[in-house]
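Student: Provided herewith is a single structure, encoded as structure tokens, for subsequent inquiry.
The values are calculated or read from the model by the stated rules, or taken from the named source; none is laboratory data. As the structure is a computational prediction, the values presented were derived from the model and not from experiment. So basically every Cβ, Gly included, is an ideal-geometry build from the backbone, and we count neighbours across all protein chains shown.
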């Protein structure tokens with residue numbers, strides 16, 4: 001079964017880049033350009049991985065983490081925060097709320113994929 005990823009980011013270029021990259025690597029991809037839509041898609045699709053920005057319209061990334069982690073059916077979802085803010089208190093807060101990883105922009109797509117695949121190997 002193909003793995004699935006949900007990309008939540010208000011930067012359309014990042015969404016398009018990550019969508020193309022993960023589709024090329026065999027993932028089923030869903031996208032949202034705001035946190036509210038992203039949370040709704042997460043509840044509907046139950047992705048294996050969520051990649052989420054922090055600063056977004058309609059719902060901040062920290063609230064996305066809280067809403068995703070409050071749902072038992074999403075407990076096993078790998079949640080990766082990607083943000084241009086390399087601010088330690090934000091990193092600590094994201095992890096405390098339930099993010100599995102915090103990746104600072106800019107990042108290499110290959111490195112993000114390796115992170116996801118390493119977590120998948122540990123989980124299986």
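Student: Would you mention how many residues in the range 64-84 are surrounded by fewer than 17 Cβ atoms within 10 Å (Cβ to Cβ) and either assigned to a loop (DSSP other than H, G, I, E, B) or touching a helix residue (DSSP H, G or I) at 6+ places or on another chain (Cβ under 6 Å) (or both)?
Tutor: Within the range 64-84, residues that are surrounded by fewer than 17 Cβ atoms within 10 Å (Cβ to Cβ) and either assigned to a loop (DSSP other than H, G, I, E, B) or touching a helix residue (DSSP H, G or I) at 6+ places or on another chain (Cβ under 6 Å) (or both) number 6.
Student: Let me spell it out: the conditions are (1) within 21 Å of residue 120 (Cα to Cα); (2) modelled with pLDDT of 95 or more, and residue 93 meets all of them except one. Which number is the exception?
Tutor: (1)
Yes/no matrix, rows are residues, columns are (1) out of contact with any strand residue (DSSP E or B) (no Cβ under 9 Å at 6 or more places or on another chain); (2) closer than 18 Å to residue 5 by Cα; (3) modelled with pLDDT of 95 or more:
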residue: 26; (1), (2), (3): yes, yes, yes
residue: 32; (1), (2), (3): no, yes, yes
residue: 37; (1), (2), (3): no, yes, yes
residue: 43; (1), (2), (3): yes, yes, yes
residue: 49; (1), (2), (3): no, yes, yes
residue: 68; (1), (2), (3): no, yes, yes
residue: 76; (1), (2), (3): yes, yes, no
residue: 82; (1), (2), (3): no, yes, yes
residue: 88; (1), (2), (3): yes, no, no
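Student: While we're looking at this one, here's another question. Hey, does the range 11-21 have a residue that's in contact with a strand residue (DSSP E or B) (Cβ under 7 Å, 6 or more places away or on another chain), in a helix (DSSP H, G or I), surrounded by 15 or more Cβ atoms within 10 Å (Cβ to Cβ) and touching a residue at least 40 places away in the same chain (Cβ under 8 Å)?
Tutor: Taking every residue of the range 11-21 in turn, at least one turns out to be in contact with a strand residue (DSSP E or B) (Cβ under 7 Å, 6 or more places away or on another chain), in a helix (DSSP H, G or I), surrounded by 15 or more Cβ atoms within 10 Å (Cβ to Cβ) and touching a residue at least 40 places away in the same chain (Cβ under 8 Å).
Student: Looking only at the range 40-58, which residues are crowded, with 21+ Cβ neighbours inside 10 Å, within 11 Å of the chain's Cα centre (by Cα) and outside any strand (DSSP E or B)?
Tutor: Those that are crowded, with 21+ Cβ neighbours inside 10 Å, within 11 Å of the chain's Cα centre (by Cα) and outside any strand (DSSP E or B): 42, 47, 53, 54.
Student: Continuing with this model, one more query. Do you know which of the residues in the range 1-10 that are touching a residue at least 60 places away in the same chain (Cβ under 8 Å) and either assigned to a loop (DSSP other than H, G, I, E, B) or out of contact with any strand residue (DSSP E or B) (no Cβ under 8 Å at 6 or more places or on another chain) (or both) is surrounded by the most Cβ atoms within 10 Å (Cβ to Cβ)?
Tutor: Going through the qualifying residues, I end up with 9.
Student: Moving on to the next point. Mind listing just one residue for me: the one in the range 85-95 that is assigned to a helix (DSSP H, G or I) and within 16 Å of the chain's Cα centre (by Cα) and, of those, farthest from residue 55 (Cα to Cα)?
Tutor: This residue is 95.
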